[in-house]
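Let me begin by presenting the structure, written as structure tokens, before commenting on it.
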Amino acid sequence: MNAPRQPRELRLFNSLTRKVESFKPVHPGEARVYTCGPTVYNYPHIGNMRAYVFADVLGRTLDWCGFDLIHVINITDVGHLTGDGDTGEDKLEKAAAGSNATIWDIARHYTHAYWDDVKALNIRQPAHWSIATDYVPAMIDFAKSIAADHCYELESGLYFDTASVAHYGALARSVTEDGAEETRGRIAEVSGKRNAADFAIWRKTPAGESRQMEWNSPWGRGAPGWHLECSVMGEKLLGFPFDIHTGGIDHREIHHPNEIAQNQAFCGSDASGANIWMHNNFLVERREDGGPGKMSKSSGEFLRLQLLIDRGYHPLAYRMMCLQAHYRSELEFSWDGLRAALTRLKRLLIAAERVRDAGSGDAEDAKLQPFRERFAAAMQDDLNTPKALTALEDALAAKKVDAGAKRALIASMDDVLGLGLLTLARSDLRIRPKDAAADEAVLAEKLEARRKARAQKDFATSDALRDKLAAMGVEVMDGDPLEWEWKI
Ligand code: AMP
Ligand code: ZN
């Protein structure tokens, strides 16, 4: 499907207006999107990666709708504190203090670990990966331009006066939906703040201390505040106003309201910097006490994508798991759920293999039109990936249709969903668990010998081989409808 000249309609839920809105680009034909990126003091957990799978699906959908996408994802390598307030430590400084590595080495290591997960999940490269520390001079310029009218200086830094802009915190649910000013209350007190919600946009290095990352500024040596980073990189790379700003729902409460306040100050108006603010819901884990809990990487043990791979799950099974839920719904992680997602992906691949080698697909086939329409309607309705997946499955199952046309339709659907349906082989999904003892060559030899024995109806030998394989930790699955045949 070629991109239509007239872009398709796309309706997206805007957290700011709390409505589903029709996407109207600021610059005709373009879509400029900013995604809050990871704080690189540790490995990302799979909950974090849900935020990037969501942003990727959004970007792919904008592309498919016919907009030229300009996507920015930042890397936060400075400024994100351990608490919501301004009294915590910088997460990266803290990680470096407990290690022999420099802060720069730590940031580089975890940035690459994050990029590995991005690649494994088939998340496309954005136009810009903006690294926060590359923008510190620009952050100082931005802060200078708003300091006189919107900021005040305390011993610990330069603070943003949240009462100096209209409707501070309008984005946050906790402030406006139930009337309680929970967001403001959650910010730790720094003595001398004018309002509890005021936040540091520049943090001075305390006298007598030194930080690995610090810069000179008109407010003394120190480091920028986390919220300042995203305002500045968004403005520099996309220009205000840009179209869409994304992040997880935790950002809707503090980080994004603070970004908006800075953007209003910078623009000298009520403009929030981005027209649409979109937030993915959490991936949660069942806790010991039975209730679901948000996954958190500051709390010791957490689920990394690599752990899923080590246990024998292809990373795209996790992408499938994400797509099975709407991005605004909470998603509970379970190993059973992941196994089911892997099986579903495998079924899709088996069906896609049948059309993979069909011709170029210039032919149209009217019988495929309903599937195309259902898929489009689902994606255009605030990225309804669960519905889009069923349209894709039904299209794959459609009988007596032109194979080339089907292949072209599947290709265009997969451009949006990113499951690699026309490139992955089903054998790619078979990942050896890390602790599997079976030797590859011995395994292949025994499986082949068993296949021969079965072909010759020598069941005594084939059963003996099955027992030997079982002793190696390999289960053979004769007649498996998914043709999985064996698993470790
Ligand atoms: P961080 O590295 O902590 O700044 O988080 C990176 C991204 O992951 C942000 O967009 C967060 O809002 C998002 N996020 C954090 N925890 C979760 C979770 N459990 N599920 C989904 N998204 C999350
Ligand atoms: Zn951000």
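The values are calculated or read from the model by the stated rules, or taken from the named source; none is laboratory data. This structure is a prediction, so every number in the text was calculated from the model and none was measured. As a convention, Cβ positions derive from the backbone with ideal geometry for all residues, glycine included, and neighbour counts pool all protein chains shown.
Numbers below:
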read-out	value
Residue in region 360-368 that is without any contact (Cβ under 8 Å) to a residue 24 or more places away in the chain and within 30 Å of residue 20 (Cα to Cα) present	no
Residues being within 11 Å of ligand 2 (Cβ to nearest atom), under 19 Å from the mean Cα position of the chain (by Cα) and part of a helix (DSSP H, G or I) - total across region 230-249	3
Which numbered condition residue 25 misses (of (1) under 17 Å from residue 328 (Cβ atoms); (2) part of a loop (DSSP other than H, G, I, E, B); (3) touching a residue at least 40 places away in the same chain (Cβ under 8 Å))	(1)
Boolean, residue 243 is more than 21 Å from residue 78 (Cβ to Cβ) and in contact with a Phe, Trp or Tyr (Cβ under 9 Å, 6 or more places away or on another chain)	yes
The lone exception for residue 92 - which of (1) surrounded by fewer than 24 Cβ atoms within 10 Å (Cβ to Cβ); (2) within 15 Å of ligand 1 (Cβ to nearest atom) it fails	(1)
Residues of region 96-147 that turn out to be modelled with pLDDT of 95 or more and not in a helix (DSSP H, G or I), as a count	11
Test for residue 82: is it within 12 Å of ligand 1 (Cβ to nearest atom), under 18 Å from residue 254 (Cα atoms) and at pLDDT 90 or above	no
Pairs with Cβ under 7 Å, 6+ apart, first in region 215-244 and farther than 18 Å from residue 205 by Cβ and acidic (Asp, Glu), second part of a strand (DSSP E or B) and within 12 Å of ligand 2 (Cβ to nearest atom)	243/274
Candidates 116, 77, 63 - the one that is acidic (Asp, Glu) and crowded, with 24+ Cβ neighbours inside 10 Å	77
Residue tally, condition at pLDDT 95 or above and part of a loop (DSSP other than H, G, I, E, B), over region 198-217	3
From the options 437, 425, 470, 441, residue that is among the aliphatic types (A, V, I, L, M), modelled with pLDDT under 90, closer than 30 Å to residue 319 by Cβ and out of contact with any helix residue (DSSP H, G or I) (no Cβ under 9 Å at 6 or more places or on another chain)	437
Residue within region 152-163 that is in contact (Cβ under 8 Å) with a residue 12 or more places away in the chain, of a type outside the set (D, E, K, R) and at positive phi present	yes
Qualifying positions in region 192-214 - touching a residue at least 12 places away in the same chain (Cβ under 8 Å) and surrounded by fewer than 18 Cβ atoms within 10 Å (Cβ to Cβ)	192, 194, 195, 196, 205, 206, 212
Test: residue 12 is more than 14 Å from the chain's Cα centre (by Cα), part of a strand (DSSP E or B) and hydrophobic (A, V, I, L, M, F, W, C)	yes
Candidate set: region 25-75, residues that are more than 11 Å from the chain's Cα centre (by Cα) and within 24 Å of residue 96 (Cβ to Cβ); chosen: the one nearest to ligand 2 (Cβ to nearest atom)	74
Region 39-84, residues that are polar (S, T, N, Q) and outside any strand (DSSP E or B)	42, 48, 61, 82
Hits in region 148-160 (condition: at pLDDT 95 or above, crowded, with 19+ Cβ neighbours inside 10 Å and either part of a loop (DSSP other than H, G, I, E, B) or charged (D, E, K, R) (or both))	none
Checking residue 107 against (1) touching an Asp or Glu at 6+ places or on another chain (Cβ under 8 Å); (2) closer than 30 Å to residue 269 by Cβ; (3) small (Gly, Ala, Ser), the condition it does not meet	(2)
Looking only at region 1-57, and only at residues there that are more than 16 Å from ligand 1 (Cβ to nearest atom), at pLDDT below 95 and farther than 25 Å from residue 320 by Cβ, the one that is surrounded by the most Cβ atoms within 10 Å (Cβ to Cβ)	7
Filter result for residue 187 (under 24 Å from residue 146 (Cβ atoms), among the β-branched types (Val, Ile, Thr) and at pLDDT 90 or above)	no
Residue, surrounded by the most Cβ atoms within 10 Å (Cβ to Cβ), within region 409-419, restricted to residues that are touching a helix residue (DSSP H, G or I) at 6+ places or on another chain (Cβ under 9 Å) and in a helix (DSSP H, G or I)	409
Sole exception among (1) surrounded by fewer than 20 Cβ atoms within 10 Å (Cβ to Cβ); (2) within 16 Å of ligand 1 (Cβ to nearest atom); (3) within 18 Å of residue 127 (Cβ to Cβ) for residue 249, by number	(3)
Residue tally, condition more than 16 Å from ligand 1 (Cβ to nearest atom), small (Gly, Ala, Ser) and outside any loop (DSSP other than H, G, I, E, B), over region 252-283	2
Test: residue in region 227-235 that is farther than 17 Å from residue 264 by Cα, out of contact with any His (no Cβ under 8 Å at 6 or more places or on another chain) and more than 16 Å from ligand 1 (Cβ to nearest atom)	no
All positions within region 411-438 that are of a type in the set (A, V, I, L, M, F, W, C) and in contact with a Gly (Cβ under 9 Å, 6 or more places away or on another chain)	411, 431, 436, 437, 438
